[in-house]
Amino acid sequence: MFKKILIANRGEIACRVMRTARQMGIATVAVYSDADRHALHVRMADEAVRIGPAPSAQSYLVGEAIIEACRKTGAQAVHPGYGFLSENTAFAEALEKAGIAFIGPKAHAITSMGDKITSKKIAEKAGVSTVPGFTGVIEDAEHAVKIARDIGYPVMLKASAGGGGKGMRVVRDDEECRDGFTRATNEASSSFGDGRVFAEKFIEEPRHIEIQVLADGHGNIIHLGERECSIQRRHQKVIEEAPSPFLDEQTRQAMGAQAVALARAVDYQSAGTVEFIVDRERNFYFLEMNTRLQVEHPVTELVTGLDLVEQMIRVAAGEPLGISQDQVRLSGWALEARVYAEDPFRNFMPSIGRLAKCRPPEASEHVRIDTGIVEGSEVSMFYDPMIAKLITGGDTREQAIDRMADALDAYYIRGVSHNISFLNALISHPRFREGRLSTNFIADEYPDGFHPADVPREDPALAAVVAASVHRRLMDRAAQLSGQLPAHRKTVRPEWVVLLDRTPEPVSVTAVDGGFEVLCREQTYRVRTQWQPGDALFVAEINGRPVCVQVDRRGVSYRLFHRGAETDVMVVSAQAAELSRHMLVKKPPDLSKFLLSPMPGLLVRLVIEEGQEVKAGEELAVVEAMKMENSLRAINDGVVTKVLAQQGESLVVDQPILEFE
């Protein structure tokens, strides 16, 4: 067994690998860029080596620097995590040449499965079901149109070397095909240095279901069941679960058998994932094989009880698998939500900055938090804006979902925007609860984007009851600290008015042992809580029901956060409530005459000039962020009066690019 391994990655996956290595008694080496010199994974490791400047192309993607770090520290093996060099054949070969073990598959398997065209041909030969399409290289836009017509619209254009939704476009007619080919080619070249694009039939109402495989160097290959990964936005997974609520045992075994056959066809060793697209009749078709650890691997670990990182390390050390296929048991249900620093109410734009507050829910047997950041960490513009992976388990799917909702309520993050409101809305959606999923779920349910009105709201009285309880405890403390003479203690009246978005809600709050009794809407709410001023979480039982509400004091008001909904409330006297009706509301500035950058990014193309007339829907500019091209279009007819940013300029959120009249 290895005595020391290097983790060629950063963030949560580096920390996750280190935890397993530590349990196995293996020393760890972290690598870091200048942007990550104070990162959690650097502090967790036994040793750490700087490998370059902040941009990943000059640090985490430089294989020579990784190998030199191994030589310097004596690391015997490298775990690549996911992303970066995890599926880089040249890196795997360079490690082998240097006498350093790669904790992953052999180079030939990475090569075979890393190219979507080649992998599809191998899959067909191995008897794996594949989607009808054109596996040759598309020459140009007109060639793409001809192929698409032959296959029959709708067609999916995909980068051959792609992944993560980059270089991928669904096209439904000739015009979309030409434009989609150009965009897919540009993104593929920018992201992977390989502009090749191929085409395949687009399956309507598809599910994305993948099979986890595990193989050693002694000919043993098993599968560990499936993961349902259909909840996606822009082809990026958002919620994953195991098992799938859709598969029956017959389909599960058939998919597992094909996944194992494909792994055997390329002499696979290590953990890997075979991804399938599944239609409404449970027909399944091979998509691709990921020759690495998947982001969503924890849900498989929860339902199988296996540590996949440990298995990868043991296989790389030459050990045979310690489990056979007939010993694999799926028990219970697991759910994973990806918590990102992004603003779901601004088209999910990345949010960059420092986490002023970051307090995850308490970990337990049923709640797991995989993260690479802590309070005070910075979400950098150079890397993926993931804050954490939140994983919950239960005996049933419903129980796992309920625990996820509770854990999201308790995840306290301030300093950057986050997507917890969106995650809560997803898992609360009736269609999700029923398991009626597809990769179109988010597009179908939120066709115009995600808005505050889409956040589910429970009993509106809950916010009033919590705010009244919080305010009463604050007033009681103020009375105790007033320094008044004996027998002249300040009394706190029980009657207040809670203003919910300026709507008055009369309440009466009485302090009792262990909490309060709140009369609201002619109903008595018995609140049992130990909350004290300054606590971020109001943890209570209200009429016997456990509740966790995040509470921020904002001047004379409170902001409550529960089940993804933010509510601004004030607790005032009846007289103040009456006077508040006459307060003017400040109107936001009119920015309709400006084109604003919706995200931090690079202005890669500006396609109009001053004085030019534009029509609604016409493309005005293209901003690149996270290696994705984002087209900005006019929402109204108008004339460009000023160009306020130049092509090639780095933009910040809401920076004006153009002004109209």
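Taken together, the values in this text are just the output of simple stated rules run on the coordinates, not laboratory data. Just so we're clear, the structure is a prediction, and the values are computed from it rather than from any experiment. So basically every Cβ, Gly included, is an ideal-geometry build from the backbone, and we count neighbours across all protein chains shown.
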Give me P(r) over the range 594-660, computed from all C-alpha to C-alpha distances, binned every 10 Å, as integer percentages.
24, 58, 17, 0
Under a cut-off of 23 Å between alpha-carbon atoms, report the lysines in cross-link reach of Lys642, not counting same-chain residues fewer than 8 places apart.
Lys593, Lys615
Sequence neighbours fewer than 8 away in the same chain don't count; with that in mind, list the lysines whose C-alpha is under 20 Å from Lys357.
Lys389
Stretch gain in nm, segment Asp173-Asn440, where the contour uses 0.36 nm per residue and the Cα spacing is subtracted
94.2 nm
Find how much the distance from Arg502 to Glu566 grows on full extension, using 0.36 nm per residue of separation minus their present alpha carbon separation; answer in nm with one decimal.
21.6 nm
State the three equivalent ellipsoid semi-axes of the range 231-374, derived from the C-alpha gyration tensor as the square roots of 5 times its eigenvalues, in descending order and whole Å.
30, 21, 16
Tell me which GluC sites (Glu not before Pro) from the range 447-537 have a DSSP coil assignment and no more than 11 other beta carbons within 10 Å of their own.
Glu522
If each part is reduced to its alpha-carbon centroid, the range 495-574 and the range 1-39 end up apart, in Å, by 44 Å
Spread of Cα-to-Cα distances over 10 Å intervals beginning at zero, given as percent, for the range 333-442
14, 45, 32, 9
Does anyone have the angle between helix 174-192 and the longest principal axis of the chain? Alpha-carbon axes, 0 to 90°, nearest 10?
90 degrees
Label-to-label distance, nm, for residues given as Asp448 and Ser580 (7 Å Cα→Cβ offset)
2.9 nm
Using a 7 Å offset from the Cα along the Cα-to-Cβ direction at both Val512 and Arg414, what is the distance between the two label points in nm, to one decimal?
3.1 nm
So, for the Cα atoms of the range 544-645, Rg and Dmax in Å stand at 22.0, 65
Kirkwood Rh over alpha-carbon pairs of the chain, then Stokes-Einstein at 37 °C and 0.692 mPa s: what D in µm² s⁻¹, rounded to an integer?
120 µm²/s
Give the peptides 468-476, 268-276 in descending order of average Cβ contacts within 10 Å, highest first.
268-276, 468-476
As a footprinting exposure proxy, order Ile110, Ile323, Ile657 by other Cβ within 10 Å, with the fewest listed first.
Ile323, Ile657, Ile110
Starting from the exponent 0.38 and prefactor 2.2 Å, build the expected Rg for the range 461-580 from its residue count and divide its actual Cα Rg by it.
1.03
Taking the simple approach of a point 7 Å from Cα along Cα-to-Cβ for both Asp637 and Arg521, what is their distance in nm?
4.8 nm
Rg [Å, one decimal], Dmax [Å, integer] - the range 132-201, C-alpha atoms
10.4, 29
Computed over the chain: longest principal axis from alpha-carbon atoms vs helix 116-125 long axis, angle to nearest 10 degrees, is 60 degrees
Checking the range 540-598 for GluC sites (Glu not before Pro) in a loop per DSSP with at most 10 other beta-carbon atoms within 10 Å yields none
I need the P(r) histogram for the range 1-141: all alpha carbon pairs, bin width 10 Å from 0 out to the longest distance, whole percents.
12, 38, 26, 15, 8, 0
Compute the FRET efficiency between Ser592 and Asp150 as 1/(1 + (r/R0)^6), taking r as their Cβ-Cβ distance and R0 = 51 Å, and round to the nearest 0.05.
0.70
Given the pairs Lys97/Lys166; Lys125/Lys158; Lys120/Lys146; Lys3/Lys97; Lys121/Lys158, which are separated by over 25 angstrom at their Cα positions?
Lys97/Lys166
Which residues' amide hydrogens lie under 5 Å from the amide hydrogen of Leu620, considering only partners 5 or more residues apart or on another chain, with H built in the peptide plane?
Leu632, Arg633, Ala634
